Amino acid sequence: MASKPQAASSSFEDFLPILAEKLGGDGLIGELCNGFRLLMDADKGLITLDSLRRNAALLGLHDLTDDDLHTMMREGDFDGDGALNQMEFCVLMFRLSPELMEQSSSLLQEALLHELHDFR
């Protein structure tokens with residue numbers, strides 16, 4: 001399922017590049033993980049279509065249609081289990097942010113340098 005991400009039919013303002021600039025690579029990943037936890041089904045530890053419907057407004061996604069939510073789930077579900085795990089969610093968020101995709105190599109480099117510094 002390596003298709004090109006489709007834009008949602010509803011308007012979507014991409015705040016990830018702003019978050020990345022303000023928080024850095026580690027901070028952005030931390031915020032994505034927080035977003036995952038807000039959207040996930042607590043019993044399953046995954047984002048399901050039902051949990052996404054229920055919790056989307058918490059992340060400002062209240063204008064997305066059911067078709068938009070289905071599309072997001074299909075785009076991010078790499079293992080085909082019908083749900084998104086944390087890694088799939090983070091990858092999807094990067095893929096849905098064209099500007100962030102352009103910046104991702106510098107963010108990755110920053111995160112790696114931070115890990116190397118902590119390792120020493």
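Just checking, how many residues over region 24-68 are under 20 Å from Asp81 (Cβ atoms), part of a loop (DSSP other than H, G, I, E, B) and not acidic (Asp, Glu)?
5
Limited to region 4-36, what total is found for residues that are at pLDDT below 80, hydrophobic (A, V, I, L, M, F, W, C) and within 22 Å of Leu116 (Cα to Cα)?
Matching residues across region 4-36 total 2.
Which of (1) open to solvent by 70 Å² or more (accessible area, probe 1.4 Å); (2) at pLDDT below 75; (3) closer than 18 Å to Ile29 by Cα does Gln103 not meet, given it meets every other one?
Unmet condition: (1).
Just checking, which of Glu75, Glu88 is open to solvent by less than 30 Å² (accessible area, probe 1.4 Å), in a helix (DSSP H, G or I) and touching a strand residue (DSSP E or B) at 6+ places or on another chain (Cβ under 9 Å)?
Testing whether each residue is open to solvent by less than 30 Å² (accessible area, probe 1.4 Å), in a helix (DSSP H, G or I) and touching a strand residue (DSSP E or B) at 6+ places or on another chain (Cβ under 9 Å) leaves just Glu88.
Looking at (1) of a type in the set (D, E, K, R); (2) modelled with pLDDT of 90 or more; (3) within 14 Å of the chain's Cα centre (by Cα), can you tell me which one Asp50 breaks?
Result: Asp50 fails condition (3) only.
The values are calculated or read from the model by the stated rules, or taken from the named source; none is laboratory data. On a predicted model such as this, the values are computed, not experimentally measured, just so you know. Positions of Cβ are backbone-derived with ideal geometry, glycine not excepted, and every protein chain shown enters the neighbour counts. What goes into the accessible areas is simple: the full protein's heavy atoms, side chains included, and nothing from ligands, DNA or RNA. Shrake-Rupley method; radii C 1.70, N 1.55, O 1.52, S 1.80 Å.
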